[in-house]
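Report on the following structure.
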């Protein structure tokens with residue numbers, strides 16, 4: 001019981017802290033381009049942007065790992081522990097998807113954090129051929145991470161996790177169930193938008209996720225700190 005209480009306190013504290021960290025990452029990433037969203041989402045324009053945004057981008061991606069991803073791992077474990085009695089196999093599947101989402105998403109952000117500064121330096125200091133090569137690598141990397149790893153694979157895992165969490169929470173805490181379900185639905189919209197090339201659908205789902213996920217984590221942090229007992233949610 002003592003170890004469980006300690007884990008709950010750590011999970012709740014990390015979840016609460018993740019909200020401002022995640023939102024700060026968004027501010028850093030978009031402020032790097034002076035809030036020019038078209039440039040931020042267009043790698044061929046982003047690599048040529050001046051003044052050099054790479055330092056802010058690097059810290060934005062680092063905070064992305066620490067805000068949007070890693071603090072969610074203990075939440076997935078906590079939810080599985082607390083809700084597995086009702087549907088143990090379903091709970092295990094949802095926890096697996098949640099942890100896989102965290103790992104995949106963090107890996108994508110780490111790739112961007114590690115490659116951004118060197119690619120910008122190579123683009124700015126190189127000759128025409130080096131600029132073209134650096135730009136192409138940057139474009140490919142962003143397309144692979146944003147359009148593939150994140151917005152298709154990782155968000156599909158996130159959709160299963162949050163929809164599953166909403167289903168398991170439906171008899172425990174209705175407001176958390178509704179919030180989790182809405183977040184899972186937004187992730188699924190993002191996936192469908194990317195898969196079928198419907199930009200409006202993807203944008204709707206992604207924007208809701210970017211704003212709601214940190215708030216959900218903070219709500220979960222508060223909720224976990226208020227419920228540190230044994231299995232089940234009182």
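The values are calculated or read from the model by the stated rules, or taken from the named source; none is laboratory data. On a predicted model such as this, the values are computed, not experimentally measured, just so you know. As a convention, Cβ positions derive from the backbone with ideal geometry for all residues, glycine included, and neighbour counts pool all protein chains shown.
Some points to look at:
- Within the set 156, 163, 188, 204, the sole residue that is within 16 Å of the chain's Cα centre (by Cα), free of Cβ contacts under 8 Å to residues at least 24 places away in the same chain and surrounded by fewer than 22 Cβ atoms within 10 Å (Cβ to Cβ) turns out to be 204.
- Filtered residues of segment 168-180 (kept if in a helix (DSSP H, G or I) and closer than 16 Å to residue 218 by Cα): 175, 176, 177, 178, 179, 180
- Top-ranked residue of segment 125-140 - restricted to ones that are touching a residue at least 40 places away in the same chain (Cβ under 8 Å) and over 15 Å from residue 32 (Cβ atoms), ranked as surrounded by the fewest Cβ atoms within 10 Å (Cβ to Cβ): 139
- Counting the residues of segment 153-174 that are over 21 Å from residue 23 (Cα atoms) and modelled with pLDDT of 95 or more gives 10.
- Inclusion of residue 222 among residues that are surrounded by 17 or more Cβ atoms within 10 Å (Cβ to Cβ) and either part of a helix (DSSP H, G or I) or out of contact with any helix residue (DSSP H, G or I) (no Cβ under 9 Å at 6 or more places or on another chain) (or both) is not warranted.
- Where residue 53 falls short, out of the listed (1) over 17 Å from residue 209 (Cα atoms); (2) within 14 Å of the chain's Cα centre (by Cα): (2)
- Which numbered condition residue 118 misses (of (1) part of a helix (DSSP H, G or I); (2) in contact (Cβ under 8 Å) with a residue 12 or more places away in the chain): (2)
- Of the residues making up segment 174-182, one or more are out of contact with any helix residue (DSSP H, G or I) (no Cβ under 9 Å at 6 or more places or on another chain) and surrounded by fewer than 21 Cβ atoms within 10 Å (Cβ to Cβ).
- Per-region count, segment 190-219, residues in a helix (DSSP H, G or I) and either modelled with pLDDT under 95 or more than 20 Å from residue 98 (Cα to Cα) (or both): 10
- Test result for residue 185, farther than 26 Å from residue 87 by Cα and in a helix (DSSP H, G or I): no
- Of the helices (runs of 4 or more DSSP H) lying entirely inside segment 1-85, the ones with 3 or more residues being closer than 30 Å to residue 141 by Cβ and touching a residue at least 12 places away in the same chain (Cβ under 8 Å) are found at 2-31, 43-46, 54-64, 72-83.
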